[in-house]
1. Only residues that are touching a strand residue (DSSP E or B) at 6+ places or on another chain (Cβ under 9 Å), over 23 Å from THR246 (Cα atoms) and either among the charged types (D, E, K, R) or assigned to a helix (DSSP H, G or I) (or both): list them for region 192-213, please.
2. Can you tell me which condition HIS55 does not meet? The list is (1) more than 23 Å from GLY187 (Cβ to Cβ); (2) in contact (Cβ under 8 Å) with a residue 12 or more places away in the chain, and all the others hold.
3. Answer yes or no: is there a residue in region 30-46 that is over 22 Å from GLN219 (Cβ atoms) and under 17 Å from the mean Cα position of the chain (by Cα).
4. Kindly indicate whether any position in region 202-221 is at positive phi and either of a type in the set (Asp, Glu) or surrounded by 20 or more Cβ atoms within 10 Å (Cβ to Cβ) (or both).
5. Name, by its number, the condition in (1) touching a Gly at 6+ places or on another chain (Cβ under 7 Å); (2) assigned to a helix (DSSP H, G or I); (3) not aromatic (Phe, Trp, Tyr) that does not hold for LEU233.
6. Keeping to region 135-173, report how many residues are farther than 21 Å from ASN107 by Cβ and in a loop (DSSP other than H, G, I, E, B).
7. Could you tell me whether region 144-159 includes any residue that is of a type in the set (Gly, Ala, Ser), in contact with a His (Cβ under 9 Å, 6 or more places away or on another chain) and either buried (at least 17 other Cβ atoms within 10 Å of the Cβ) or more than 17 Å from GLY77 (Cβ to Cβ) (or both)?
8. Could you tell me which residue of region 72-94 is nearest to THR138 (Cα to Cα), considering only residues that are surrounded by fewer than 19 Cβ atoms within 10 Å (Cβ to Cβ), of a type outside the set (Val, Ile, Thr) and out of contact with any Pro (no Cβ under 9 Å at 6 or more places or on another chain)?
Amino acid sequence: MFSGSIPALVTPFRNGAFAEEDYRALVEWQIAEGSSALVPVGTTGEAATLTKDEHFNVVRACADQAKGRVKILAGAGSNDTQVAIGNVKAAQDSGADAALMVPPYYNRPSQEGIFRHFEAVANATTLPIVLYNVPGRTVTDIQPATVARIVNAFPDRFVGIKDATGQLQRVTEHRLGCGPDFAQLSGNDETALAFNAMGGVGCISVTANVAPRLCADFQAAWAAGDRAKALELHDKLFALHLAMFTDASPGPVKYAMSKVRPGFPVELRLPMTEPNEASKAAVDAALATAGLV
């Protein structure tokens with residue numbers, strides 16, 4: 001259901017409000033540049049500072065603009081199981097094709113609690129789900145055995161994983177536990193090449209906001225077996241991958257967007273702030289290396 005280059009879209013704001021016109025233009029550009037699917041309201045989309053109405057208005061705008069040309073994978077996680085169930089239902093009502101879901105954060109449930117959380121969501125909803133494991137943000141790690149338990153209990157519901165653990169051996173562990181058709185997507189741009197070499201099929205990408213064509217070409221080259229081309233594009237993008245996290249995200253990526261799409265709004269919602277000058281310099285240099293400015 002999901003593969004290739006999938007940008008975790010930024011959410012533009014103007015005067016503190018969701019800038020829907022800018023967002024629709026971003027969606028259109030991403031599709032034209034070859035992105036294979038779109039992720040609205042993930043971490044990069046500042047979901048944590050959106051109201052519920054805003055959250056699903058963004059999903060609705062994304063799905064409406066895409067009009068079925070690419071799949072929409074909407075952020076829908078929560079640390080409250082009942083809220084998570086409501087989020088998945090709202091994402092489906094807003095036009096999403098699947099939900100991207102972190103395990104419960106802050107509460108730090110056991111592996112049994114994580115399983116029961118996703119079991120409850122699966123029993124109460126019908127939308128396909130992509131697990132999102134990002135312990136650096138959630139302080140909750142879905143262990144490979146638990147991933148396998150979830151997927152094998154609901155093989156038609158849990159269709160893939162965005163793995164941002166940085167532990168490449170998990171690609172093999174997940175394949176052995178969940179089967180070869182379970183879609184494994186890197187959650188880290190800088191290791192996407194190695195992730196694919198281990199058996200991954202794509203990346204949910206921050207960098208693809210800024211360089212959608214290069215990221216799409218990178219994934220296409222790998223899928224076509226052109227390892228040399230994939231390596232060349234990986235090297236070209238590598239500095240940009242790192243620059244996206246030289247300050248708190250999504251500050252650097254919004255700054256980069258304003259450089260490749262002049263006029264794109266750089267507003268952030270507190271507690272996120274404008275990237276520092278060193279970060280901006282790193283982004284500028286990386287954009288030049290990638291040939292984007």
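The values are calculated or read from the model by the stated rules, or taken from the named source; none is laboratory data. Computed from a prediction, not measured in an experiment: that's the story for all the values here. We place every Cβ from the backbone using ideal geometry, glycine too, and count neighbours over all the protein chains shown.
1. ASN196, MET198
2. That leaves (1) as the condition not met.
3. Quick first cut of region 30-46, residues over 22 Å from GLN219 (Cβ atoms) only: 41, 46.
After this cut, where a residue has to be under 17 Å from the mean Cα position of the chain (by Cα) as well, the list is 41, 46.
Yes; the residues of region 30-46 include at least one that is over 22 Å from GLN219 (Cβ atoms) and under 17 Å from the mean Cα position of the chain (by Cα).
4. If we filter region 202-221 for residues that are at positive phi, which is where we start, we get 202.
When the remaining residues are screened for being either of a type in the set (Asp, Glu) or surrounded by 20 or more Cβ atoms within 10 Å (Cβ to Cβ) (or both), the result is 202.
Looking through region 202-221, at least one residue is at positive phi and either of a type in the set (Asp, Glu) or surrounded by 20 or more Cβ atoms within 10 Å (Cβ to Cβ) (or both).
5. Unmet for LEU233, out of (1) touching a Gly at 6+ places or on another chain (Cβ under 7 Å); (2) assigned to a helix (DSSP H, G or I); (3) not aromatic (Phe, Trp, Tyr): (1).
6. The number of residues fulfilling the criteria is 7.
7. If we filter region 144-159 for residues that are of a type in the set (Gly, Ala, Ser), which is where we start, we get 145, 148, 153.
Narrowing further to those that are in contact with a His (Cβ under 9 Å, 6 or more places away or on another chain): 148.
When the remaining residues are screened for being either buried (at least 17 other Cβ atoms within 10 Å of the Cβ) or more than 17 Å from GLY77 (Cβ to Cβ) (or both), the result is 148.
Looking through region 144-159, at least one residue is of a type in the set (Gly, Ala, Ser), in contact with a His (Cβ under 9 Å, 6 or more places away or on another chain) and either buried (at least 17 other Cβ atoms within 10 Å of the Cβ) or more than 17 Å from GLY77 (Cβ to Cβ) (or both).
8. GLN82
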